[in-house]
Structures are given as structure tokens and as C-alpha cells.
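What follows is calculated from the coordinates using simple rules that are stated; it is not laboratory data. Worth saying up front: this structure is predicted, and the values here are computed from it rather than measured. All Cβ positions, glycine included, derive from the backbone under ideal geometry; neighbour counts span all protein chains shown.
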Amino acid sequence: MPDPITHFAVPFIAMRLLKKDYKIAVLAGVVGILPDFDVLSRIHRSVTHSIVLHITIIAILACILILSKVKSNIRKWILIAVAFGLISHSVMDMFYDYTPILYPILQHDILIHVDVSIHIQEGQIPQILPKLEILLRETNFTSFINFEASLTTGQTIIISALLLFTVLTEEIYNGINNKRIKLSRKEV
Ligand SMILES: [Zn+2]
């Protein structure tokens, strides 16, 4: 974790909950995967994971949308979807591995390591052992020769599927309800 399914599912579900619009949710989900296409340039967790670059992209996109004829409400949601997709990607990665999230302002990759474990031993009070570390490593964008990474795991699939199921079930239920209301109005 986080793999492409998580990077799609988190912004997709967030947008579905914030705005009941599939296109905006799909946009956020797709944008959420984009930073990892840096592997095509043989550098993983490259500048595409920098929030500084994300803000620049969002600012340029905002200017393009303002100059276009897109309605202000749609414009706002496009920008929120793109921002959420990009930024959520880097934030999630930062809790998993070293990520150049503030590059070039900070020329160090950041890894936030959180681990809360429990220790139980006979005759002793159970102990909760929390651990929080913020680790820094000098940023180094060198090309890799070999690259191997998990595209997904059973854990990710089931978590994402359950979350998507919750969101989609509500949608299906509302759709059926609306149809029933329409039909009953016609009968009256
Ligand atoms: Zn990534």
C-alpha cells in the first residue's frame, strides 16, 4: 500500500461523497494515479510527487479554465478533483516510503512512519507502544535499472471494494427510490 487501486479509490470516494457526480469522481480517481507514471521515465517518486508542482499545475489549470467557457461551478469541482487526486497521492505515499513532497523547497524526501503496537504478557498489564518517526533522506532522482512493485494486493482490493460498494450501494438505493417516487407521481 498504497497501490494504483488505493490511489484511484480514495479520491474517487471522497469526490462521490462531496459531490454526487461520477465524472468529477472519475477525474479525481484518474488524476490520483498519474504521479506514478513517472516510472515511464525510469525514476520513481520523482518530482511528480511534489506538492509544489501540484500547486503549479492547479494554478495553470485554473487560468485555463477561467479563460474557457466552463461554468464556474463545474470549474470549481474540476479544480477540487485535480487537487485532491494529486495531493492525496503524495500524502499517502509519504506514509509508505520516502517521498519528495516538498521538492524543490525542501531537497529531502520525507517518510512518516507510524506504528502502534500492543504487547501482552502473562502477569503484566498490556502495553500500547506508539511510535511516530519523521524521517528525511536527501532527494536523489537517479534512474533505476530494474523496477519491481506490487500493482495491488488482496488487502487493497478488499478495502477498496468495500468502500466503493458502500458508496455505490447508496447511489443505487437513491436511484431506485427516485424511480419509485416518479412512478407513484405518474399514477396519481
Ligand atoms: Zn506514488
Crossing angle, helix 154-187 versus the chain [Cα axis fit, 0-90 degrees, rounded to tens]: 10
Leading residue at positive end of dipole, the chain (Cβ point charges), from PHE37, THR139, TYR22: TYR22
Whole-Å distance, taken between Cα centres, linking region 150-188 and region 72-107: 27
Sequence-distant residues sharing a close amide H with THR99 (under 5 Å, placed H): ILE110, LEU111
Positive-end residue, region 4-187 charge dipole about Cα centroid, Cβ charges, pick of HIS119, ASN174, ILE87: ASN174
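Please find the FRET efficiency linking LYS76 to ASN174, where r is the Cβ-Cβ separation and R0 is fixed at 22 Å, and quote it to the nearest 0.05. Intermediate results must be reported in sequence, preceding the final value.
On the way: r = 23 Å, r/R0 = 1.06.
Efficiency, rounded to the nearest 0.05: 0.40.
Kindly put ARG45, ARG185, ARG75 in sequence by how many other C-beta atoms sit within 10 Å of each C-beta, fewest to most. Kindly include the intermediate steps, with their values, before the conclusion.
Numbers: ARG45 24, ARG185 8, ARG75 17.
Arranged by neighbour count, lowest to highest, ARG45, ARG185, ARG75 become ARG185, ARG75, ARG45.
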Under 16 Å from the SER143 label point (7 Å along Cα→beta-carbon), backbone N, region 24-43: 38-43
Distance (nanometres) between label positions extended 7 Å along Cα→Cβ at LYS69 and LEU162: 4.8
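Charges only on Cβ, +1 for Lys and Arg, -1 for Asp and Glu: so what's the dipole of region 4-187 about the Cα centre, in debye to the nearest 20?
Roughly 1500 debye for region 4-187.
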Positive-end extreme of charge dipole, region 4-187 - chosen from ALA62, ILE157, PHE12 (charges on Cβ): ALA62
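Is it possible to state the helix-based mean residue ellipticity at 222 nm for the chain, with each DSSP H run of 4+ residues giving -39500 (n - 2.57), the sum divided by total residues, to the nearest 500 deg cm²/dmol? What is it?
Working: 5 runs with 101 residues, N = 188.
Value at 222 nm, helices only, nearest 500: -18500 deg cm²/dmol.
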Residues of type lysines that LYS71 reaches as a straight line, Cα spacing below 28 Å, ignoring anything fewer than 8 places off in the same chain: LYS19, LYS20, LYS23
All-pairs Cα distance distribution in the chain, expressed in whole percent, bin size 10 Å: 8, 26, 29, 21, 10, 5, 2, 0
Protection proxy ranking of 175-183, 114-122 - average other beta-carbon atoms within 10 Å, highest first: 175-183, 114-122
